[in-house]
Amino acid sequence: MTAAARELTGLLTDPARAGEVADWTALVSAARAESLAGTLAWRLAGVPLPREVERLMEDARRASETVRVEALWEAEMARRALAPLGVPVVLLKGTAYAAAGLPAAEGRSIGDLDILVPARSLPEVERALLAAGWEWVKEDAYDDLYYRRWMHELPPLIHRARDRMIDVHHTILPLTARPKPDAEAMIADSAALGNGLRALAPADMVVHASAHLIADGDLAGGLRNLWDIDRLLRHFAGADAGFWAELQARAGHHRLWRAVHRAARLANDLYATPIPESWRIWDSADPLFRARMLARDGWGRQTARGLRFGFYVRSHLLRMPPLMLARHLLAKARR
Amino acid sequence: MKHVFRLKVGPVAFRIGSDWEAPLAQLRRLYAGYPTPEGICDFTVRVEADKPWRRRLRPSVAIRGDYVLPDAAPLPLAQGLLAAEMGMNLQMALGQRRYLLLHAGAVERDGQALLLTGESGAGKSTLSALLGERGWRFLGDEFALLGLGDGELRPFPRAVSLKNAAADLFADLPEERFGPVLSGTPKGTIRHLRPNDAAIAGMHDRVPPALILFPRFGPERPAAVRPVGAAELFMRLTQASTNYVALARTGFDALTRLCRSVPAAAIDYGSTEEALALVDRLWAAR
């Protein structure tokens, strides 16, 4: 854990503490490295700041507004390409938050466009995107086969004119992972947005964000993803007292309760997210997750090398059984 | 990081950290007389070991910072100064959002600015530095910073990077204004030159642009001037800008305003003296 990362989470939680910041340069470097610079800038809007800091925050707010507009435009491009198919297209992650106008979108960095479509529609979705100017990024035959056989998404596509990437998901976790989320139910219960696209139902949105953070990947960029979860939980639970029970039931249905529960505890710990008293249990692994998320110093460097490597190994074990992992690494090493 | 140097150039403050003292000592000498930022720095640059074991064993320097290019090649420690300079350029190119950034040299005379832009190798860096020693005030050789609201240039007088034979043109300047000779860099032999006192003293003034030139160097080329219309100018400058796309509407507004109000020409030259004469002629006729 480093002071800069802890100061960043503290300030995102309580912007009124801006007066206590001693080293703004270090704080901004940590925020940029964690893709939280825009978020920080929006949280600090209206808070009295030193003049030069205020100007930097204005720059970051302007930049994040452009990011938002571009992300929504990319979603519209995908909508136009896929509309003739008549299949439901569900936006995921940052673009979904922006399209739905959720507080999680405020200042958020958005890179790729992530969409979820029914598994049976994949071939026609792929054809339509290729016809509309998207191209394969990975030409390698092993990678292509690996994606198609084992992953929860098509190999990444990039648009040749706009240079933007699209990830087409048919479920939310790799097929090799142990939990098997019910992607059909997620699509069936998704809600129409005003723009002809769809977003996951609130509980599924939290389940997906938690699965992405805890049950997949090595927690790189974890502070941003956990911030999403904090914003979603505050927003949905604030509007509906029955949300917690619904979330727990839905997470159980997708076999992802452990991930959701852990994400909620971590959000409560790092961002003071209000969660039900009964959810606040002690778990021996939580301190490791916490330390991993805070492994960023005031120069924007990653710290805790051993811990990060541990989570990297874990991310591979989560994705596949050991024998398959060995074969996979062998194939990668050979080329 | 172990070693730190803070530097303010025009409106931009940098924090440069390094695993080694040597590159920062060279930076301090090169930027002697520049202000030290007091508050927050806009950008952080890290001149650090490419891999942990590269700190002592055949030390190699990675160019990192708030903004990084994933495939930036490391440099040997002897070129650490160049790594720091490239790191500052990278932060500007990828992270600067307050100004429209044009890849251009800039000099001032009579309270107005001349911009020199074009492909690398065209001579904009050498020409702007030369003009800066001959009656013009040097504003910068790498990036011109155009205010989004007011359309005025902010001086950004970083050290000039003189490539290969270009350093010979400045042989009469005092040795203390030069950085070390960096040989075998990806761009050949490089020597940095500190801008003169007038350039440093005036780095906080704003200057309205008055003329844009696209120089093109060729030893066999006859001297020639060709006017560049507003539409062509716009297209060329979108390519010369590193953040035009990222600035969206505000970038478009600032650039169209510049192209509508400032005349431009392309000049071919075969020798430095020829170029300087052309510049004088076009400046007088602007």
- Which FRET efficiency, nearest 0.05, do B:A165 and B:D253 yield, Cβ-Cβ r, R0 35 Å? 0.30
- Helix A:122-131 axis, angle to chain A major axis (alpha carbon atoms, nearest 10°): 80 degrees
- Could you please state how large a percent of the accessible area of chain A is carbon and sulfur, counting protein chains only and using a 1.4 Å probe? 55 percent
- Charge tally for neighbours of A:D163 with beta carbon under 12 Å away, counting Lys, Arg as +1 and Asp, Glu as -1, is -1
- Task: Have a look at A:H235, A:H208, A:H169 and tell me which one the Gaussian network model of chain A (Cα, springs below 10 Å) gives the largest fluctuation.
- Result: A:H235
- Query: Averaged across the residues of A:62-71, what count of C-beta atoms belonging to other chains lies within 10 Å of each residue's C-beta?
  - Reply: 3
- Message: Can you show me the helix-derived [θ] at 222 nm for chain A, built from DSSP H runs with n ≥ 4 at -39,500 (n - 2.57) apiece and divided by the number of residues, rounded to the nearest 500.
- Response: -17500 deg cm²/dmol
- Query: What's the angle, to the nearest 10 degrees (0 to 90), between helix B:272-284's Cα axis and the longest principal axis of chain B?
  - Reply: 50 degrees
- Message: With a 1.4 Å probe, what is the total accessible area buried between chains A and B, in Å² rounded to the nearest 100?
- Response: 1900 Å²
- Note on the structure: With A:A272 itself left out, Lys, Arg at +1 and Asp, Glu at -1 over residues whose Cβ is under 11 Å from its Cβ give -2
- Take every Cα-Cα pair in chain A and report what % of them are more than 38 Å apart. 14 percent
- Task: With all protein chains present, calculate the accessible area of A:E65 using a 1.4 Å probe and round the result to the nearest 10 Å².
- Result: 70 Å²
- Message: On a straight-distance basis, which lysines could pair with B:K2 in a cross-link, Cα separation under 20 angstrom, same-chain partners fewer than 8 positions away excluded?
- Response: B:K51
- How crowded by other chains is B:248-259, given as the mean number of beta carbons from other chains within 10 Å of each beta carbon? 1
- Message: Just to confirm the filter: which trypsin sites (Lys or Arg not before Pro) across region B:205-279 are DSSP coil and have at most 16 other Cβ within 10 angstrom of their Cβ?
- Response: B:R206
- Item | Rounded accessible area of B:Y34 (nearest 10 Å², 1.4 Å probe) | 20 Å²
- Tell me the label-point distance for the pair B:A230, A:W136, using the 7 Å Cα-to-Cβ offset, in nm and rounded to one decimal. 4.8 nm
- Task: Using Cα pairs closer than 8 Å and at least 6 residues apart in sequence, work out the relative contact order for region B:3-95, in percent.
- Result: 26 percent
- Mind telling me which of A:W134, A:W282, A:W299 comes out most flexible in a GNM of chain A, alpha-carbon contacts under 10 Å? A:W282
- So for R0 = 35 Å, FRET eff. of A:W282-A:A188 from the Cβ-Cβ r, to 0.05, ends up at 0.40
- Query: What FRET efficiency comes out for the pair B:R286/A:A83, r = Cβ-Cβ distance, R0 = 30 Å, nearest 0.05?
  - Reply: 0.05
- Item | Averaged over B:36-43, number of beta-carbon atoms from partner chains that fall within 10 Å | 6
- Item | Antiparallel %, DSSP beta bridges [both residues in the protein assembly as shown], to 5 | 70 percent
- Message: Among B:A22, B:T36, B:V4, whose Cα projects farthest towards the positive end of the dipole of region B:3-95, with charges put on the beta-carbon of Lys, Arg (+1) and Asp, Glu (-1)?
- Response: B:A22
- A:M165 versus B:L69: modelled label distance in nm, points set 7 Å from Cα along the beta carbon direction: 1.9 nm
- With a 1.4 Å probe and every protein chain left in place, work out the accessible area per residue of region A:3-334 in Å², rounded to a whole number. 43 Å²
- Message: Give the lysines whose C-alpha is closer than 16 Å to that of B:K163, dropping any in the same chain fewer than 8 places away, or say none.
- Response: B:K124, B:K187
- Note on the structure: Computed over chain A: longest principal axis from alpha-carbon atoms vs helix A:322-334 long axis, angle to nearest 10 degrees, is 80 degrees
- Task: With an 8 Å cut-off on Cα pairs and a minimum separation of 6 or more residues, tell me the relative contact order of region A:3-334 in percent.
- Result: 19 percent
- Task: Could you please tell me the mean projected area of the C-alpha convex hull for region B:3-95, averaged over all directions and given in square nanometres to one decimal?
- Result: 5.7 nm²
- Item | GNM top mover of A:I172, A:I229, A:I275 - chain A, alpha-carbon springs below 10 Å | A:I275
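The values are calculated or read from the model by the stated rules, or taken from the named source; none is laboratory data. Note that the structure is a prediction, hence the values are computed from the model and not measured. No Cβ is skipped: glycine too gets one built from the backbone with ideal geometry, and neighbour counts run over all protein chains shown. The area values use the complete protein model at the heavy-atom level, side chains included, leaving out ligands, DNA and RNA. Shrake-Rupley method; radii C 1.70, N 1.55, O 1.52, S 1.80 Å.
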